[in-house]
Amino acid sequence: MATKAKSGVNNESGSFREGANTDSSTGSPTLAGAASLSLTNNRTYSLDDLDTVATVGTGTFGRVFLVKDKKTRGYFALKAMKIPDVIRLKQEQHVHNEKAVLTEVNHPFLIRLFWTHHDELFLYMLMDYVPGGELFSYLRNRGRFNNATGLFYSAEIVCAIEYLHSKEIVYRDLKPENILLDSEGHIKLTDFGFAKKLVDRTWTLCGTPEYLAPEVIQSKGHGRAVDWWALGVLIFEMLAGYPPFFDDNPFGIYQKILAGKLDFPRHLDFYVKDLIKKFLVIDRARRLGNMKNGAEDVKKHRWFKSIDWDIVPQRKLKPPIVPKVSHEGDTSNFDAYPEEEWKKDTPVPPKDLEIFKNF
């Protein structure tokens, strides 16, 4: 049942669907604008130091490339976003939020950002390359996961969400497409285009229709509780093979979410059904994870009784799926994308570049 029709509401910041700037002589993407930048290891970098290997993701206003460092021979993911499209789609703030959040976080289950840069046409973000591919692909191929497999991924995701919330960050885009597996089979959350540091509540309608919490749809203002709702949807989808609320159009999905009616497949474990019900509570004040004890309430739920929470962030749980990865730069776990030429865009005028001067 898993299909990749799900797209972000308002923004697909970082989930990509367009072409690349290509060198007509080789057909391979070129990285223009090689100003030097400094990486976390204090080495000075420039785009000239990176060879493009392949495209591993495309979306509304950019691409993700696998790149190879010419000096160290290491691999990275380079996200290149078209500035004219970012401006046209009014995504400037989301792009800045993504950088701000990724600059602040450091956790084994979250993608790392190494440096950012922009020229007259693109914004660049250099990040971890995670060769195992998307959890979505494994779910689509298997139809659904068994209870133990769902339990493993849920435990690692709980730790990632708990960490983000401890830093007052709401993730807002939990779904199988945004969970990558590393070469050993552990998760990395990626695509922080919707993530935001919260002072109080926020009112932006963003996310993926099937995963939106009721308070987002109703524009009541929302906070970290939306991530626990999304985890309930994700656990249901992992174990059932389809999300709990689905329809042919977003409005139909929203109506079902607000009605809150759950039909569980008969094979689901008793305790996981109880956990999902406690996440998919319309009243966020009563939603598991959003009460006084926060993530501790989630960890103490009976479905997780076999989990030793101390070893989860140490990556010591045994992954149920180990991706086939032949080497660090293996792209076989990602879809193949044509390296067609990107539309020739006019460089952005200096006044428009002002908004990105600190990027």
Can you tell me which residues in segment 248-272 are part of a helix (DSSP H, G or I), at pLDDT 95 or above and farther than 15 Å from G232 by Cβ?
-> F270
Of the candidates R302, R315, the one satisfying the condition of being charged (D, E, K, R) and more than 26 Å from the chain's Cα centre (by Cα) is R302
Inside segment 124-167, can you point out the residues that are in contact with a strand residue (DSSP E or B) (Cβ under 6 Å, 6 or more places away or on another chain) and in a loop (DSSP other than H, G, I, E, B)?
-> Y129, V130, G132
Complete set of residues in segment 241-261 that are buried (at least 18 other Cβ atoms within 10 Å of the Cβ) and of a type outside the set (S, T, Y) = P243, P244, F245, I253, I257
Hey, does segment 115-128 have a residue that's touching a Pro at 6+ places or on another chain (Cβ under 9 Å), modelled with pLDDT under 95 and of a type outside the set (A, V, I, L, M)?
-> yes
Tell me, yes or no, whether segment 338-347 has at least one residue that is modelled with pLDDT of 90 or more, in a loop (DSSP other than H, G, I, E, B) and either surrounded by 13 or more Cβ atoms within 10 Å (Cβ to Cβ) or not assigned by TED's automatic domain parsing to the domain that holds T60 (or both).
-> no
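Yes/no matrix, rows are residues, columns are (1) touching a His at 6+ places or on another chain (Cβ under 7 Å); (2) at pLDDT 95 or above; (3) buried (at least 22 other Cβ atoms within 10 Å of the Cβ):
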| position | (1), (2), (3) |
| --- | --- |
| G150 | no, yes, yes |
| I157 | no, yes, yes |
| K167 | no, yes, no |
| L198 | no, no, no |
| R201 | yes, no, no |
| I217 | no, no, no |
| G232 | no, yes, yes |
| F236 | no, yes, yes |
| L239 | no, yes, yes |
Filtering segment 273-309 down to residues that are without any contact (Cβ under 8 Å) to a residue 60 or more places away in the chain, part of a loop (DSSP other than H, G, I, E, B) and touching an Asp or Glu at 6+ places or on another chain (Cβ under 9 Å) yields M291, H301
Within segment 283-299, track down each residue that is touching a Phe, Trp or Tyr at 6+ places or on another chain (Cβ under 9 Å) and at pLDDT 95 or above.
-> R287, L288, G289, N290, A295, V298, K299
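The values are calculated or read from the model by the stated rules, or taken from the named source; none is laboratory data. Model, not experiment: these values are computed from the prediction. Backbone-built Cβ (ideal geometry, glycine too); neighbour counts: all protein chains shown.
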